[in-house]
Amino acid sequence: MQQKYYNVGKIINTHGIRGEVKVYRITDFEDRFQVGSKLLLANDRSEPVELEITSHRVHKGFDLLKFKGYNNVNDVESFKGLHLQIAEAQQTALEQGEYYYREIIGCTVFTNFGEQIGEITEILSPGANDVWVVKRLDGSEVYIPYIEDVVKDVDVHEKKVMIELMEGLLE
């Protein structure tokens, strides 16, 4: 069976001359970018290349990473635009009622009366709880807060979510 890999960040640029890269984070797990962590650099030409993080800091909302053996801007220039990944075995176990974004995106949303609302296309994390962006059948979007009062059932295997409508939710 072929190994599965999951994106946790995208290298958007180099930073400085000492081999640091500027990374757009695609993960909620803070420990992904800890010093000593190993990530895979995805590329189209071959198997992913394993990289070990030797330094991490946050600068202007982006993660700045440096990798073992890459000490010069010229060493990391070719990394721009590539994704940092983890192997399936590196995934963190989730608690009951927690889901990976990739499990939620693509799910079809139904009301508790069986009415189809649309498909989850994006997840926003603005504050205390996530907000699921649902593209409705007419092309418009509706925002569903991921809270117990609204989201009643999530079946990631069937790609179905059942919600209880609150007043004004679909307006």
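The values are calculated or read from the model by the stated rules, or taken from the named source; none is laboratory data. Just so you know, these numbers come straight off a predicted model, no measurement behind them. In this analysis, Cβ positions are derived from the backbone assuming ideal geometry, glycine residues included, and neighbour counts consider all displayed protein chains.
Being surrounded by 12 or more Cβ atoms within 10 Å (Cβ to Cβ) and assigned by TED's automatic domain parsing to the domain that holds S46 is the requirement here; does Y70 meet it?
yes
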All but one of (1) surrounded by 16 or more Cβ atoms within 10 Å (Cβ to Cβ); (2) at negative phi hold for K4; which doesn't? (1)
Of all residues being in a strand (DSSP E or B) and either under 17 Å from A93 (Cα atoms) or outside the structural domain of H83 (by TED's automatic domain parsing) (or both) in segment 1-21, which is modelled with the highest pLDDT? Just the residue, please. V8
